[in-house]
Amino acid sequence: VKRPLFYWLFSLQTWKVWEEGLMAMIVNKKSKNEMPLIALKNVVLFPRIAMPLMIQRPKSVAAITEAMAKDKMIVFAGQKSPKDNIEQSGIYKIGTIGKVFEVHKMLDGTLRADVEGVARVKIKSFLQEEPFLKVAVEKYNTTSESSVEINVLMRAVSGQLRKIISAKPVLGQLSEVM
């Protein structure tokens, strides 16, 4: 099914509204702004991205076990160094709330978790370190105010994309799939 570019732009706007509503639901409830945390090495989870994660550290296993027992929501944040023993100062303050869909236990005890990023959050404070990391979070607004300059740039990029798609037959076929 061939869909015009405005369809995708509209879909993005719809997602932003849905994401803001979900964030309000998660962060504004007092019990929901305290969540388990998993520090990620060499990978970053972004909103609207689904990915498998291999979880081996005992604190991370305990955190995902806690999340699965409750609402399947967990905070993922990058760690600054690839060491296994991390401290609060070794974790970035901006992370992503993720929804855990499935967890599979491997033969070696490692967990394979399928997660999808939901929304960006800022870590306000660390509430607990044992048996897993628990943090208080608040919404992190990554959108900027719409301005004339941004709208002009969006139209320019959209126009260039149309030219590229029309010039390359293979890309035109890809746009039909989208």
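The values are calculated or read from the model by the stated rules, or taken from the named source; none is laboratory data. Every value quoted in this text rests on a predicted model; they were computed, and no experiment measured them. Here the Cβ positions follow ideal geometry from the backbone for every residue, glycine too, while neighbour counts run over all protein chains shown. When the accessible area is computed, the model is the full protein with side chains, heavy atoms only, and any ligands, DNA or RNA have been set aside. Shrake-Rupley method; radii C 1.70, N 1.55, O 1.52, S 1.80 Å.
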Residue among 67, 77 that is free of Cβ contacts under 8 Å to residues at least 60 places away in the same chain, within 18 Å of residue 119 (Cβ to Cβ) and in contact with a Gly (Cβ under 8 Å, 6 or more places away or on another chain): 77
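Residues checked against (1) modelled with pLDDT under 75; (2) crowded, with 16+ Cβ neighbours inside 10 Å; (3) in a loop (DSSP other than H, G, I, E, B):
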residue: 2; (1), (2), (3): yes, no, yes
residue: 20; (1), (2), (3): yes, no, no
residue: 60; (1), (2), (3): no, yes, no
residue: 71; (1), (2), (3): no, no, yes
Those residues of the range 83-120 which are β-branched (Val, Ile, Thr) and farther than 13 Å from residue 38 by Cβ, in sequence order: 94, 110, 118
Residue, modelled with the lowest pLDDT, within the range 131-145, restricted to residues that are crowded, with 16+ Cβ neighbours inside 10 Å and among the charged types (D, E, K, R): 139
Lone qualifier among 97, 86 - being at pLDDT 90 or above and within 16 Å of residue 40 (Cα to Cα): 97
Matching residues in the range 73-92 - criterion: being within 13 Å of residue 134 (Cα to Cα) and open to solvent by 60 Å² or more (accessible area, probe 1.4 Å): 87, 88
Pick from the range 101-130, criterion in contact with a strand residue (DSSP E or B) (Cβ under 8 Å, 6 or more places away or on another chain) and not in a strand (DSSP E or B), ranking: least open to solvent (accessible area, probe 1.4 Å): 110
Test for residue 98: is it in contact with a Pro (Cβ under 8 Å, 6 or more places away or on another chain), more than 14 Å from residue 57 (Cβ to Cβ) and either in a strand (DSSP E or B) or open to solvent by less than 90 Å² (accessible area, probe 1.4 Å) (or both): no
